[in-house]
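The values are calculated or read from the model by the stated rules, or taken from the named source; none is laboratory data. Given the structure is predicted, the values throughout are model-derived calculations rather than measurements. Neighbour counts are summed over all protein chains in view; Cβ atoms, including those assigned to glycine, are modelled from backbone coordinates with ideal geometry.
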Amino acid sequence: MAERISLMNNSINQLTGSPRCPNLLTLNLRWNHLQMISSNFFDFMPALKVLDLSFNKHLAELPGNFYELVSLQHLDLSYTGVKELSLELRNLTKLEFLYLNNIDELEILPQQVVSNLSRLKRLDLFHSGISDQVVDGNVFSGGNEVLMDELLCLPGLQALSFTVKSEHALQRFFRSDKLQKVTYGLDIELCRGTTTVRLESGMRLTWVQIGNCFDLEEVTVDWAGGSETPCHNWNLRTPTCLVHLRRLIIQNCKVLVHLNGLISVPILKFLEIENCKAMKRVIGHGDADGAEIREESWAFCNLQILKLNDLDQLESISRYPLCFASLRAIHVLDCPNLKKLPFHANCARDKLYSISGQEAWWHRLQWEDTTMKSIFAPYLRKL
């Protein structure tokens, strides 16, 4: 009998019957069109250790016998449409890796589930539990503060991503050394009233998303020496801060003017900025001396994807040409005042494959000379 079965990317829309697979250890069903799993499908899979149902966006419900898979060690439900997880999930006490990220419709994860999974090494809840229909009595209520209580009960947790949805929950995270040391992904969402976000030099974040924080005005960076450097907007001037950050998404933060200190985030690979109505420049602000100009020119040297959407006031990405040694794609949509790209003749061309934008915007771009425009014209992908 098979021990490993992969049926990924097969357009399967339902699983019926009760297949007898007593020796099955791994079942991979990701990237299908699953909408239904019959109530007895998992009845005869007692040894199953790895189950991957991710990227089945229309899978809204799990069968009851799913919670009897007590041998499971690895479970991935990411990017599904699951709306509710049962209290019985706490019976899967052998789980070490649990992926529940980007389940937009997830409304209920009962209390005493997460805290009972004491063997968890990795838990992903990034951008889940953000539905307006979240009800009381589960870990997503109260801005995810209940979730934080349960996370602190996990003795072996090594990697965590999750969402905070209130000012109080955010401050609790910043006060918890334990959570900061294991958190690699942080989604700050709908934190109304939050005007300042404090970033600690000891954080090991690789992925940060800030969305719908309409009052955010300032980020305070805690330097390695312990002093604080206040900055308007996002100013990360110390190389000890967020040196692991690879992916940053900022959406609907309408009073941010720039992200100046990204100069000091050396391995950032993906940057998306959307609907930040006051932003005028991504990096570079005020006067600069020669050293700062050289520093800025090397910003984004590892950046691969840059997406700029709906930035009414954006006038420039940088004051000076950037090397963009790793840039593969730049996407610009509804940025009417962005009239110049920080390119020089030899930048980005080794790996660049697309500059996506509206045709009218492309024709309004200003270049150092006509040669520059002809060099980059073949990369244009019209939106």
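The table for this structure:
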| item | result |
| --- | --- |
| Y353 exposed (fewer than 15 other Cβ atoms within 10 Å of the Cβ) and modelled with pLDDT under 95 | yes |
| The stretch 246-285, subset touching a Cys at 6+ places or on another chain (Cβ under 7 Å) and under 15 Å from C335 (Cα atoms), residue modelled with the lowest pLDDT | K254 |
| Matching option when the condition is surrounded by 15 or more Cβ atoms within 10 Å (Cβ to Cβ), within 16 Å of L259 (Cβ to Cβ), modelled with pLDDT of 90 or more and among the hydrophobic types (A, V, I, L, M, F, W, C), among L314, L333 | L314 |
| So Y79, is it closer than 27 Å to S115 by Cα and either touching a Phe, Trp or Tyr at 6+ places or on another chain (Cβ under 6 Å) or crowded, with 20+ Cβ neighbours inside 10 Å (or both) | yes |
| Identity of the residue in the stretch 356-383, loosely packed, with under 12 Cβ neighbours inside 10 Å and of a type in the set (S, T, Y), that ends up modelled with the highest pLDDT | S374 |
| Where L242 falls short, out of the listed (1) surrounded by 21 or more Cβ atoms within 10 Å (Cβ to Cβ); (2) at pLDDT 80 or above; (3) assigned to a loop (DSSP other than H, G, I, E, B); (4) not β-branched (V, I, T) | (2) |
| Residue match in the stretch 75-85 (condition: assigned to a loop (DSSP other than H, G, I, E, B) and touching a helix residue (DSSP H, G or I) at 6+ places or on another chain (Cβ under 6 Å)) | no |
| Whichever residue in the stretch 2-49 is among the β-branched types (V, I, T) and either in contact (Cβ under 8 Å) with a residue 60 or more places away in the chain or in a loop (DSSP other than H, G, I, E, B) (or both) and, among such residues, is surrounded by the most Cβ atoms within 10 Å (Cβ to Cβ) | I12 |
